[in-house]
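Worksheet: one structure, shown below.
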Amino acid sequence: MTALAAALKGFGAQTVLVADQVDLADYQVLTYAQVVEQALAKVQPDVVVGMATPMGRDLFALVAAAHSAGLLTDITQVSVGADGIDAVKPMYA
């Protein structure tokens, strides 16, 4: 996993957090959510970007709800505008 983390830094990531606990081998939303919560507490980001997969939708919906945060799904473009974050979502997504 450390080789992957190093590769991600090559794409411009300033910080890469690695979670390689044995209990993460099989997806369990509550276990994964705890790991994401720990990362959020450590980094305290303004924005979190996740994958648009069935697992990502499940996980990030739970995390967003726990933080009373917004959740944008199926977006194809993101930019920061004068009024905050602007996102484009296809009509049929």
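Using the Cβ-Cβ distance between Val29 and Ala5 with R0 set to 22 Å, the FRET efficiency from 1/(1 + (r/R0)^6) comes to roughly 0.40. Calculated translational diffusion coefficient of region 22-93 (20 °C, 1.002 mPa s; Stokes-Einstein with Kirkwood radius over alpha-carbon pairs) equals 157 µm²/s.
Taken along the Cα-to-beta-carbon direction at a fixed 7 Å, the label points for Val80 and Ala52 span 2.2 nm. When a 1.4 Å probe is rolled over the protein heavy atoms, the share of accessible surface on region 1-49 that falls to carbon and sulfur comes to 56 percent. Dipole size of the chain about its Cα centre, with +1 on Lys/Arg Cβ and -1 on Asp/Glu Cβ: approximately 160 debye, rounded to the nearest 20.
The values are calculated or read from the model by the stated rules, or taken from the named source; none is laboratory data. Everything quoted here is computed from the prediction, not taken from an experiment. Note that each Cβ is placed from the backbone with ideal geometry, even for glycine, and that neighbours are counted across all protein chains shown. In case anyone asks, the SASA skips ligands and DNA or RNA and just uses the protein heavy atoms, side chains included. Shrake-Rupley method; radii C 1.70, N 1.55, O 1.52, S 1.80 Å.
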